[in-house]
Amino acid sequence: MPRMEALFNTVVPVALVVLSGYLLGRQLEMDLSTLSRLTLYALVPALILDSMYRAEYTLEGVWGLVLGFSLTYALLFLLVQGAGKLFGLSRETTKTLLVCGLFPNSGNMGLSLVYFALGEEGLRRAVVYFLLSSALMFGLGPAFIRGGSLKEGLLFTLRLPLFYALFLGLLLKALGLSLPFRLEEGVRLMGQAAIPVLLLTLGMQMGKTRFHLGPFEGAASALRLLLAPLVAYGVGALLGLPRLEHQVLVLQSATPVAVNAFLLTREFGGDALRVARSVVVSTFLAFLTVPLVLYLLGVR
């Protein structure tokens, strides 16, 4: 079945790289802080710039997806904040849960799943969701995780290369400009290194710590894989989105915790170990939940 093939083709290679990092972390002493900063300040900005520069999307359905995405993640934010207060969670735990809930793997996993399930037309709309998710993660994420006042957070974000990579990529795409001297090939080469280094770092982090799955990881996985698509479905129905836009909104919202969520918490604060565990657990649980979401959406 195409959708199961998409899951296996995405999850199994990810598991292999994470396992390799885990074994390295158990055997070798390596400076994970340096690896994280290399990824954050060089490789991920290149990946963002390349992704935005090469993205193919149209205005068809864009505004509906923009509104649907915005309402979905605003509601998720309020629900997690409310749950944190209701269950007496610490501020740090609530913030880490928000990181897991608000940063989906809408890129390397989400785009491939939508393509296999909904074809080229679905993929064009899925790219719009990916752009919005990237803007949320890399535009506001660092400031939110680091904490402080709104002004401090904005000033901090403006000092990061992530923000400028996102802005430059979108600007080049909007203006239809090309980089001279085939610089885009160098940018793409750097960007291609980001995901494997991220996954290796994730595995090494897990290899250096005692692995324990607790209520947090279960809650984070349920938030990403069950609650997020449920909220997205309700928002899409409320807005009266066309069928394809509605399916893309729900399916992209049903993806597991993004690996980049681990990178951001490791660099800017929060419980990086819990996020790392949640990335792994939610990714493997996607084998069960994503086919269910596809079935409920009527994708055969």
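Every read-out reported here was derived from the displayed coordinates using simple, explicitly stated rules and does not represent laboratory data. Computed from a prediction, not measured in an experiment: that's the story for all the values here. Note: ideal-geometry Cβ built from the backbone for every residue, glycine included; neighbour counts use all protein chains shown.
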If you project the alpha carbons of the chain onto their three principal axes, what span does each projection cover, largest first, in Å? 54, 51, 45
Suppose only helical runs count, i.e. DSSP H with n ≥ 4. What mean residue ellipticity at 222 nm does that imply for the chain under -39500 (n - 2.57) per run, divided by all residues and rounded to the nearest 500 deg cm²/dmol? -25000 deg cm²/dmol
Rounded if a/c is under 1.5, else prolate if a/b is larger than b/c, else oblate: which is segment 147-300, with a ≥ b ≥ c the root eigenvalues of its Cα gyration tensor? oblate
Provide the per-residue ³J(HN,Hα) series for segment 243-250, in order, calculated from phi with Karplus coefficients 6.51, -1.76, 1.60 and θ = phi - 60°, each as a whole number of Hz, with x at glycine and proline positions. 3, 5, 4, 5, 5, 5, 4, 6
Compute a Gaussian network model of the chain, connecting alpha carbons closer than 10 Å, and tell me which residue from E245, E92, E217 fluctuates the most. E92
Of V62, F163, S36, which is farthest on the positive side of the dipole of the chain, counting Cα position, with +1 on Lys and Arg Cβ, -1 on Asp and Glu Cβ, and the Cα centre as origin? S36
Among 45-53, 113-121, what's the highest-first ranking by average C-beta atoms within 10 angstrom per residue? 45-53, 113-121
In whole Hz, with x marking every Gly and Pro, tabulate ³J(HN,Hα) for segment 277-291 from phi via Karplus 6.51 cos²θ - 1.76 cosθ + 1.60, θ = phi - 60°. 4, 5, 4, 5, 4, 5, 5, 6, 5, 4, 4, 8, 7, 5, x
How would you order 16-28, 78-90, 192-204, 227-239 from highest to lowest mean count of nearby Cβ atoms within 10 Å? 192-204, 227-239, 16-28, 78-90
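If packing is taken as the mean number of other Cβ atoms within 10 Å per residue, what is the order of 288-299, 160-171, 260-271, highest first?
260-271, 160-171, 288-299
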Only loop residues by DSSP count here, and only those with at most 16 other Cβ atoms within 10 Å; note down the trypsin sites (Lys or Arg not before Pro) in segment 167-230 that meet that. K208, R210
